[in-house]
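Since every read-out is calculated from the coordinates, none of them should be taken as a lab result. Since the model is a prediction, treat every value here as computed from it, not as a measurement. With ideal geometry, Cβ positions are generated from the backbone for all residues, glycine too; neighbour counts draw on all protein chains shown.
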Amino acid sequence: MPRPSPDAVQEIATLAAKRAADSEARRNLDPDVVRLVVQGGFARHFVPVAQGGVAGSFSELLSAVALLGETCASTAWFASLAAATGRMAAFLPVEGQREVWAQGPDVVVVGALGQSGTAEPVPGGWRVRGQWPYVSGVAYADWALVCARTPVDGGHEPWFFAVPRAAFGIADTWFNAGMRATGSNTLVLAEVVVPRSRSVALADLFAGRAPDAQAACHQVPMKAANGLTLVAPCSAPLAAR
């Protein structure tokens, strides 16, 4: 599908509204809501066509997210970030992309964007460790992109590393007053070796051109795109005007 269809968005919104109170109490989204978000095409929205995705547009995503935000901001937040982090994964080397989406384009990739970890070079890749707070939807992740500091010329340079769910733990730390259902707990990585094919410099994301980029959505600098996906869940009143 080119974007989440109106019927799919309405189905998600209806169920999310019914489960919102329970999700807030549980501090995590309802599994059935997450399943509909994934089936509705949000996770695959920015996945490269070569990896089975649709490489959709920002306007298509933002209008769908805004509609979800009318009933449950936490669901809209998860849907938007599932798409946005998938776009970030498209900046990995092609070999790494194939590994992340080996099971298809609907895997859930979450993002640990703060430079809360460290990475040291080892033969063929990096040894990464750290703890990353505020990782929305981490309980439902298949993969995570974690940002860590790498040693460069006596200083540090931030890189992103793709790690599978089996490689990291989750600490229950999300006790905020608002957006409680986002389940934004702490991702814990004791130590894991990540091959170079599953790593990308933050500078490459800032530059805004993914490897073998064909679609427009993979030629946009990170700073120009991420703000849009973060504000969309809160833009429902504006979208309704």
Global form of the stretch 76-134, assessed from the alpha-carbon gyration tensor, a/c cut-off 1.5: oblate
With an 8 Å Cα cut-off and a minimum separation of 6 or more residues, compute the relative contact order for the chain in percent. 23
Which far-off residues, 5 or more places away or on another chain, put their amide H under 5 Å from the one on E157, with H placed in the peptide plane? T150, V152
For G208, what residues show an amide H to amide H distance below 5 Å, using hydrogens built from the backbone and excluding near sequence neighbours? M222
Just tell me, in residue order, which DSSP H segments of the chain are both 15 angstrom or longer along the helix axis (alpha-carbon based) and at least -1.0 in mean Kyte-Doolittle hydropathy. 6-26, 58-69, 73-89
Using alpha carbon centers only, the stretch 139-191 is separated from the stretch 209-232 by a whole-angstrom value of 21
Within 10 Å, count the other beta carbons around each residue, average over each peptide in 25-35, 71-81, and list them highest first. 71-81, 25-35
Directionally averaged projected area (convex hull, Cα atoms, the stretch 1-125), nm²: 8.7
Average Cα contact separation per residue, the stretch 68-169, under 8 Å, 6 or more apart, as relative contact order %: 23
Check which residues have an amide H placed less than 5 Å from W126's amide H, if you skip close sequence neighbours. V194, R196
May I have the pair-distance distribution P(r) for the stretch 144-203, computed from all Cα-Cα distances with 10 Å bins from 0 and rounded to whole percent? 19, 41, 29, 10, 1
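Antiparallel versus total DSSP beta bridges in the chain: what percent is that, nearest 5?
85
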Give me the base-10 log of I(q)/I(0) for the stretch 86-226 at each q in 0.20 Å⁻¹, Debye formula, one uniform scatterer per Cα, rounded to two decimals. -1.27
What is the local net charge at N185, summed over the other residues whose Cβ is closer than 14 Å to its Cβ (Lys, Arg +1; Asp, Glu -1)? +3
Explain nothing, just compute: Karplus ³J(HN,Hα) = 6.51 cos²θ - 1.76 cosθ + 1.60, θ = phi - 60°, for every residue of the stretch 135-145 in order, whole Hz, x for Gly and Pro. 9, 5, x, 4, 5, 9, 6, 9, 9, 9, 9
Check: the chain dipole with +1 on Lys, Arg Cβ and -1 on Asp, Glu Cβ, in debye: 160
Cα convex hull of the chain, projected area averaged across orientations, nm²: 12.5
